[in-house]
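See structure below.
The values are calculated or read from the model by the stated rules, or taken from the named source; none is laboratory data. Note that the structure is predicted; figures quoted are calculated from it, not measured. Reconstructed Cβ throughout: ideal geometry from the backbone, glycine too, with neighbour counts over all protein chains shown. In case anyone asks, the SASA skips ligands and DNA or RNA and just uses the protein heavy atoms, side chains included. Shrake-Rupley method; radii C 1.70, N 1.55, O 1.52, S 1.80 Å.
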Amino acid sequence: MTADIRFFWARLNANYWFYPALFSIMAGALAFIMVWLDRAGLAEFLNEVDWIVPARPKGAADMLTVMAGSMIGVASTVFSITIAAVAYASGNYGPRLLTNFMEDRGNQLSLATFIGSFVYALIVLRAVRAEDETPAALADATATALPGFTPQLSLLVAYVLMGLCVAVLVFFLNHIPSSIRINKVLKGIGERLLEAVRETYPVEDEFYEAVEPKGGKPLTARGTGYVQLVDFDELVKIARDCGCTISLRVRTGDFVHRDMPFLDVDGCDPATIDERIRGCFTLGSTRTPEQDPQFLIDELVEIGLRALSPGINDPFTAITALHWLGAATAEIGRRDLRKDICCEDCDDCPVIPLPDDFAHYVSRGFGAIRSGVASSPTAAEVMLDTLANAAVPIRDERRQTLLKDQADKLARQTRLVLVGPDLDRFERHVARFNKVFW
């Protein structure tokens with residue numbers, strides 16, 4: 001249950017409806033407060049400001065009507081443009097990137113601003129009383145010296161919101177075409193991947209691999225789906241309470257199904273902590289970036305492979321994906337790959353995640369994209385350079401050897417695909433690679 005709550009909170013503000021709903025509630029509350037201030041006569045100081053001309057009820061009603069109508073119209077247009085951009089991006093870059101665009105704060109806040117302004121204008125419009133209307137209460141009659149009732153302070157705030165909406169619209173018209181540029185998409189994924197690596201493996205320049213599991217009695221899954229979040233803090237507490245060691249067989253992002261073993265318990269009977277442990281795992285229909293750097297690696301690989309497919313044939317997009325893969329690999333290669341779960345000596349931690357060693361990450365990234373790169377002379381040469389550059393900050397010879405092994409596999413696979421001058425040029429690049437970097 002704890003993992004479900006944490007995951008729900010983590011994903012709540014990633015939903016497209018969250019900020020529009022939040023801004024609507026805030027705008028409604030602001031409208032009621034502003035109208036109350038006007039009814040209480042606290043806006044009389046505006047009459048002493050020479051450059052503010054008090055509005056009459058008809059003019060205020062017309063302005064608020066136009067504002068409400070235009071804001072909901074613009075909100076509909078913003079939503080339509082966003083959906084069109086999302087459809088284009090998911091069709092060209094891969095359906096798994098749909099989550100990235102749905103989580104885009106610029107799109108969410110733009111739509112939320114227009115909808116919030118619409119709600120504000122609509123509520124304030126209700127408070128406007130025409131000149132020939134009878135006051136509903138004594139406060140209405142005394143709120144202004146003019147006939148009818150015009151919430152002057154509320155109207156001034158509406159003008160400010162209208163100006164804000166114009167600024168947001170200008171921002172949105174620039175943001176949408178910018179956000180679907182492939183270089184911007186790859187940069188967003190790459191920077192998020194680097195941040196996830198640094199958060200997952202905070203210790204630099206120590207080259208320990210992940211702790212090996214200790215085994216034990218297996219605990220099997222009841223549900224079916226992808227592991228979306230694991231509450232490691234609660235798992236550690238459970239393990240210490242019963243004096244056992246918990247070794248995970250799955251990582252965040254793996255798919256589990258009924259009766260599939262997903263962890264081992266050594267030191268106590270799994271049946272005694274069964275329900276508590278199950279509450280530490282959240283299952284869902286899709287993978288998410290939370291606790292799952294490999295999801296972001298897979299996105300880079302997917303974009304690169306789609307770009308190198310015969311139907312698209314865009315090696316330069318694949319080259320950009322390779323550059324970000326290289327940066328992430330270099331970042332992983334210089335870090336202690338024991339996950340910081342207990343915030344102490346990893347060897348004494350009672351919860352052991354499924355090992356993710358450096359070989360696993362190299363295979364997941366460069367190993368997965370290698371077959372597509374081998375068919376492109378330009379991309380193959382860039383991958384060799386990227387592997388060499390990734391090895392520069394890594395001072396562990398074993399990890400450097402893994403990168404060299406990927407270069408050798410690429411060379412063998414490329415020789416099966418390229419012929420003629422392309423192969424000759426690639427061979428010269430391989431010779432230079434082996435001579436200079438190794």
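Figures for the structure shown
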{"quantity": "Some residue of the range 109-118 being closer than 30 Å to residue 312 by Cα and touching a residue at least 60 places away in the same chain (Cβ under 8 Å)", "calculated": "no"}
{"quantity": "Residue pairs meeting the criteria (Cβ under 7 Å; at least 6 apart or on separate chains; first over 18 Å from residue 231 (Cβ atoms), in the range 282-297; second at pLDDT below 85 and of a type in the set (Lys, Arg))", "calculated": "295/287"}
{"quantity": "Of residues in the range 253-273 being over 14 Å from residue 221 (Cβ atoms) and assigned to a loop (DSSP other than H, G, I, E, B), the one least open to solvent (accessible area, probe 1.4 Å)", "calculated": "253"}
{"quantity": "Of all residues making up the range 191-213, the number that are touching a Leu at 6+ places or on another chain (Cβ under 7 Å) and at pLDDT 85 or above", "calculated": "4"}
{"quantity": "Residue identified as at pLDDT below 90, under 23 Å from residue 163 (Cα atoms), of a type in the set (A, V, I, L, M) and buried (at least 18 other Cβ atoms within 10 Å of the Cβ) among 78, 119, 124, 74", "calculated": "78"}
{"quantity": "Qualifying residue in the range 353-361 (condition: in contact (Cβ under 8 Å) with a residue 12 or more places away in the chain, in a helix (DSSP H, G or I) and open to solvent by 60 Å² or more (accessible area, probe 1.4 Å))", "calculated": "no"}
{"quantity": "Contacts under 7 angstrom Cβ, first residue in the range 228-245 being in a helix (DSSP H, G or I), partner open to solvent by 50 Å² or more (accessible area, probe 1.4 Å), 6 or more apart", "calculated": "234/2; 238/276; 242/272"}
{"quantity": "Selection count, the range 177-199, where residues are open to solvent by 60 Å² or more (accessible area, probe 1.4 Å) and either in a helix (DSSP H, G or I) or small (Gly, Ala, Ser) (or both)", "calculated": "9"}
{"quantity": "Boolean, residue 299 is touching a Lys or Arg at 6+ places or on another chain (Cβ under 7 Å), among the charged types (D, E, K, R) and buried (at least 21 other Cβ atoms within 10 Å of the Cβ)", "calculated": "yes"}
{"quantity": "Given (1) of a type outside the set (S, T, N, Q); (2) open to solvent by less than 50 Å² (accessible area, probe 1.4 Å); (3) more than 23 Å from residue 388 (Cα to Cα), index of the condition residue 276 fails", "calculated": "(2)"}
{"quantity": "Tally of residues being farther than 16 Å from residue 363 by Cα and polar (S, T, N, Q) across the range 408-425", "calculated": "1"}
{"quantity": "Options 27, 21, 14; residue that is open to solvent by less than 30 Å² (accessible area, probe 1.4 Å), at pLDDT 70 or above and either assigned to a helix (DSSP H, G or I) or farther than 20 Å from residue 129 by Cα (or both)", "calculated": "27"}
{"quantity": "Top-ranked residue of the range 127-171 - restricted to ones that are under 18 Å from residue 33 (Cα atoms), among the small types (Gly, Ala, Ser) and within 42 Å of the chain's Cα centre (by Cα), ranked as modelled with the highest pLDDT", "calculated": "158"}
{"quantity": "Pairs, first on the phi < 0 side of the Ramachandran plot and open to solvent by 20 Å² or more (accessible area, probe 1.4 Å) in the range 387-412, second part of a helix (DSSP H, G or I) and among the polar types (S, T, N, Q), C-beta under 9 Å, six or more apart", "calculated": "402/363; 404/434"}
{"quantity": "Conditions (1) open to solvent by less than 30 Å² (accessible area, probe 1.4 Å); (2) at pLDDT 90 or above; (3) over 29 Å from residue 309 (Cβ atoms): number failed by residue 349", "calculated": "(2)"}
{"quantity": "Residues being basic (Lys, Arg), surrounded by 14 or more Cβ atoms within 10 Å (Cβ to Cβ) and more than 11 Å from residue 377 (Cβ to Cβ) - total across the range 413-431", "calculated": "1"}
{"quantity": "Breaking point among (1) within 24 Å of the chain's Cα centre (by Cα); (2) open to solvent by 60 Å² or more (accessible area, probe 1.4 Å); (3) under 20 Å from residue 354 (Cβ atoms), for residue 174", "calculated": "(3)"}
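Each row is one residue, and each column tells you yes or no for (1) over 15 Å from the mean Cα position of the chain (by Cα); (2) under 30 Å from residue 340 (Cα atoms).
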site: 182; (1), (2): yes, no
site: 188; (1), (2): no, yes
site: 193; (1), (2): no, yes
site: 206; (1), (2): yes, yes
